[in-house]
1. Check off (1) touching a Phe, Trp or Tyr at 6+ places or on another chain (Cβ under 9 Å); (2) part of a loop (DSSP other than H, G, I, E, B) for residue 128 and give me the number that stays unchecked.
2. Let me spell it out: the conditions are (1) touching a Lys or Arg at 6+ places or on another chain (Cβ under 6 Å); (2) within 19 Å of residue 146 (Cβ to Cβ); (3) not polar (S, T, N, Q), and residue 98 meets all of them except one. Which number is the exception?
3. Starting from the stretch 79-99, keep only residues that are more than 13 Å from residue 61 (Cβ to Cβ), then list their pairs with residues that are of a type in the set (Gly, Ala, Ser) and open to solvent by 30 Å² or more (accessible area, probe 1.4 Å) whose Cβ atoms are within a distance under 8 Å, requiring at least 6 positions of separation or different chains.
4. Condition test on residue 87, is it over 23 Å from residue 165 (Cα atoms) and of a type in the set (Gly, Ala, Ser)?
5. Please specify each residue of the stretch 63-87 satisfying the condition of being at pLDDT below 95 and closer than 25 Å to residue 143 by Cα.
6. When residues of the stretch 89-134 are filtered for being aromatic (Phe, Trp, Tyr) and exposed (fewer than 13 other Cβ atoms within 10 Å of the Cβ), how many remain?
7. Going through 51, 44 one at a time, which residue ends up being free of Cβ contacts under 8 Å to residues at least 24 places away in the same chain, under 25 Å from residue 147 (Cβ atoms), surrounded by fewer than 16 Cβ atoms within 10 Å (Cβ to Cβ) and of a type in the set (Gly, Ala, Ser)?
8. Going by the structure shown, is residue 86 part of a helix (DSSP H, G or I), surrounded by fewer than 17 Cβ atoms within 10 Å (Cβ to Cβ) and on the phi < 0 side of the Ramachandran plot?
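The values are calculated or read from the model by the stated rules, or taken from the named source; none is laboratory data. Everything numeric here is computed off the predicted structure, so don't read it as measured data. Glycine gets a Cβ as well: all are built from the backbone with ideal geometry, and neighbour counts include every protein chain shown. The protein model used for the area step is the full one, side chains on, heavy atoms only, and it has no ligands, DNA or RNA in it. Shrake-Rupley method; radii C 1.70, N 1.55, O 1.52, S 1.80 Å.
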Amino acid sequence: MTTHESNSGQAGNGVAAHGTDGGYMHEHTPRLAWSQHAPEVFKAMVRLDAAARQGVDPVTYELVKIRASQINHCALCLDMHSKDALAAGESVERIIQLAAWEESKHYYTEKEIAAIELTEAITVLTDGFVPDEVYERAAKLYDERELSQLIAAITTINAWNRFGVSTRQAPGHYQAGDFK
């Protein structure tokens, strides 16, 4: 199994036996094992991910990855980053409330809210740009190096999400820390 990809057919980490127990639906088959067919791209993504992580608070890093993955409907990345966040001590409540953070701001710090808001603006470019007020809020709380790294982390998870969603990678097999 590779980062951001899973092997189908394995029951893992709380996932039912895929249709054989309790009436669960069968797990879909991934469309393509893209990392095997484009290994240099995959290796470059792993290097980009490692570089983007440098200097970003680990909690904020996972919150950003989870929120972008929620927006992009990337089940594999949601599975992976929720498990990593839980294993790192993140609370279930903060992970659950992330989908409704605007109504649950009291669960997060001011810096985390700025990062989450920036994640949404970069992930959903409906206006074609990140609004000035969103950028300015983040720029007040993060120095230029931190902000650059945060933008890189947001951009990187969005790229991973697009690989996962377009190739229909299946969640449920990742074990926390597999690729740390």
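1. Residue 128 satisfies all of (1) touching a Phe, Trp or Tyr at 6+ places or on another chain (Cβ under 9 Å); (2) part of a loop (DSSP other than H, G, I, E, B) except (1).
2. The one condition residue 98 does not meet is (2).
3. That search, which allows pairs on different chains as well, returns 83/176; 86/176; 87/176; 87/177.
4. On the way: over 23 Å from residue 165 (Cα atoms): yes; of a type in the set (Gly, Ala, Ser): yes.
Criteria met by residue 87.
5. Matches in the stretch 63-87: 85 only.
6. 1
7. 44
8. Yes.
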